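Novice: Can you keep this structure in mind? I'll have questions shortly.
The values are calculated or read from the model by the stated rules, or taken from the named source; none is laboratory data. Small disclaimer: the values here were computed from a predicted structure and weren't measured. When we count neighbours, we look across all protein chains shown, and the Cβ atoms used for this are built from the backbone with ideal geometry, even at glycine. Accessible surface is based on the protein model in full, side chains and every heavy atom, while ligands, DNA and RNA are left aside. Shrake-Rupley method; radii C 1.70, N 1.55, O 1.52, S 1.80 Å.
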Number of protein chains: 2
Amino acid sequence: MTGDEQLDAAFSALAHPTRRAILARLAKGTATVNELAEPFDATLPAISKHIRVLEAAGLVLRGKDAQFRPCALDTKPLEAVASWTDQYRFIWEARFDAMDRILNGMKETPDE
Amino acid sequence: MTGDEQLDAAFSALAHPTRRAILARLAKGTATVNELAEPFDATLPAISKHIRVLEAAGLVLRGKDAQFRPCALDTKPLEAVASWTDQYRFIWEARFDAMDRILNGMKETPDE
DNA sequence: TGATTAATTAACTAAATGGTATAATGTGCC
DNA sequence: GGCACATTATACCATTTAGTTAATTAATCA
């Protein structure tokens with residue numbers, strides 16, 4: 001999986017509120033599928049699918065403990081997302097105004 | 001639009017490599033649709049749609065200049081993404097190991 | 001006015017997504 | 001073995017997404 005594909009998977013996994021809520025729960029410690037499903041209206045297979053998406057994106061690691069498959073958060077893809085957004089930090093920290101840039105038709109690089 | 005919906009829109013807009021490439025281009029300054037489309041194989045309507053997705057997510061602002069519709073990057077949603085990921089920073093900075101947590105069945109909050 | 005350029009709209013297709021209900025699998029326990 | 005529980009697999013449905021080609025709108029320019 002290329003870096004681009006990793007970001008694709010991470011961003012699209014994060015694009016669903018249920019999946020973000022699952023991650024928030026996992027930030028407090030491992031949990032089983034049933035525990036993760038409990039706060040939601042969705043059916044268990046639906047949650048199971050969400051977990052699979054998170055797992056495919058590398059955001060969740062799973063174990064095996066009798067009939068349970070405990071889930072744990074893995075933050076590596078979040079680090080990748082954070083460093084991707086960091087590329088743009090200089091722009092918002094310099095308070096470049098997008099509307100200004102459009103109105104002035106300014107095409108130069110702000111400064112680099 | 002709720003905060004959740006803003007994040008949904010931002011994350012799913014960012015989940016496509018073409019759209020991330022468009023943002024990278026816009027980080028260097030405003031550009032027209034044709035300029036943005038130039039590096040890609042895709043047709044112009046395809047790029048037009050990508051821009052629309054970025055615009056709906058608030059990542060791109062548009063102007064009007066004769067027959068051109070210049071696009072500019074707006075980083076606000078990126079700031080939202082960055083502060084969302086920051087919630088998890090303490091986990092990876094503490095080097096909590098997801099696999100360890102799974103194997104030890106540790107369910108306690110790391111520390112808060 | 002007519003031609004050219006920039007961009008969008010429309011109509012369509014193929015594939016992915018998110019969800020359901022139900023059936024199947026695996027594990028521990030009596 | 002047989003029951004109960006946790007989880008996943010299957011099959012199906014509706015919606016969205018990403019892309020195409022062809023037509024259309026809007027503005028400039030000769």
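Novice: Quick check on this structure: which one of B:ASP65, B:ASP74, B:ASP100 is more than 7 Å from chain A (Cβ to nearest Cβ) and either surrounded by 12 or more Cβ atoms within 10 Å (Cβ to Cβ) or out of contact with any Lys or Arg (no Cβ under 8 Å at 6 or more places or on another chain) (or both)?
Specialist: Numbers: B:ASP65 fails: more than 7 Å from chain A (Cβ to nearest Cβ); B:ASP74 fails: more than 7 Å from chain A (Cβ to nearest Cβ).
That would be B:ASP100, the only listed residue that is more than 7 Å from chain A (Cβ to nearest Cβ) and either surrounded by 12 or more Cβ atoms within 10 Å (Cβ to Cβ) or out of contact with any Lys or Arg (no Cβ under 8 Å at 6 or more places or on another chain) (or both).
Novice: I need the full set of residues from the stretch A:23-47 which are part of a helix (DSSP H, G or I) and more than 11 Å from the chain's Cα centre (by Cα), in order please.
Specialist: Here is the first cut: in the stretch A:23-47, the residues part of a helix (DSSP H, G or I) are A:23-26, A:33-37, A:44-47.
Scanning the stretch A:23-47 gives A:ARG25, A:LEU26, A:VAL33, A:ASN34, A:GLU35, A:LEU36, A:ALA37, A:LEU44, A:PRO45, A:ALA46, A:ILE47.
Novice: If you don't mind, another one. Considering only residues of the stretch A:30-47 that are away from DNA strand C (no atom under 12 Å from the Cβ) and among the acidic types (Asp, Glu), which is surrounded by the fewest Cβ atoms within 10 Å (Cβ to Cβ)?
Specialist: Per the criteria, the residue is A:GLU38.
Novice: Give me the pairs, please: first residue somewhere in the stretch B:66-94 and over 20 Å from A:PHE96 (Cα atoms), second residue anywhere and small (Gly, Ala, Ser), beta-carbon distance under 8 Å, and either six or more positions apart or on two chains.
Specialist: Listed pairs, sorted by first residue: B:THR85/A:ALA82; B:ASP86/A:ALA82; B:GLN87/A:ALA24; B:GLN87/A:ALA27; B:TYR88/A:ALA27; B:ARG89/A:ALA82; B:ILE91/A:ALA27.
Novice: Let me spell it out: the conditions are (1) more than 7 Å from chain B (Cβ to nearest Cβ); (2) closer than 15 Å to B:THR85 by Cα; (3) among the small types (Gly, Ala, Ser), and A:ALA82 meets all of them except one. Which number is the exception?
Specialist: (1)
Novice: Can you work out which of the residues in the stretch A:8-22 that are in a helix (DSSP H, G or I), within 13 Å of DNA strand D (Cβ to nearest atom) and within 14 Å of B:PHE11 (Cα to Cα) is least open to solvent (accessible area, probe 1.4 Å)? Working first, answer last.
Specialist: Here is the first cut: in the stretch A:8-22, the ones in a helix (DSSP H, G or I) are A:8-14, A:17-22.
Imposing the further condition that a residue be within 13 Å of DNA strand D (Cβ to nearest atom) reduces the set to A:8-9, A:11-12, A:22.
Subset that is within 14 Å of B:PHE11 (Cα to Cα): A:8-9, A:11-12.
Values: A:ASP8: 37, A:ALA9: 26, A:PHE11: 0, A:SER12: 53 Å².
Step by step, filter the stretch A:8-22, then rank; the result is A:PHE11.
Novice: Out of everything in the stretch B:48-62 that is free of Cβ contacts under 8 Å to residues at least 40 places away in the same chain and open to solvent by 20 Å² or more (accessible area, probe 1.4 Å), what residue ends up being farthest from DNA strand C (Cβ to nearest atom)? Before you say what the answer is, go through the steps one by one.
Specialist: Start the filter on the stretch B:48-62 by keeping residues that are free of Cβ contacts under 8 Å to residues at least 40 places away in the same chain, which leaves B:48-52, B:55, B:60-62.
Subsequent filtering for residues that are open to solvent by 20 Å² or more (accessible area, probe 1.4 Å) retains B:48-50, B:52, B:55, B:61-62.
Values: B:SER48: 3, B:LYS49: 7, B:HIS50: 9, B:ARG52: 7, B:GLU55: 8, B:LEU61: 12, B:ARG62: 7 Å.
Looking at residues that are free of Cβ contacts under 8 Å to residues at least 40 places away in the same chain and open to solvent by 20 Å² or more (accessible area, probe 1.4 Å), I get B:LEU61.
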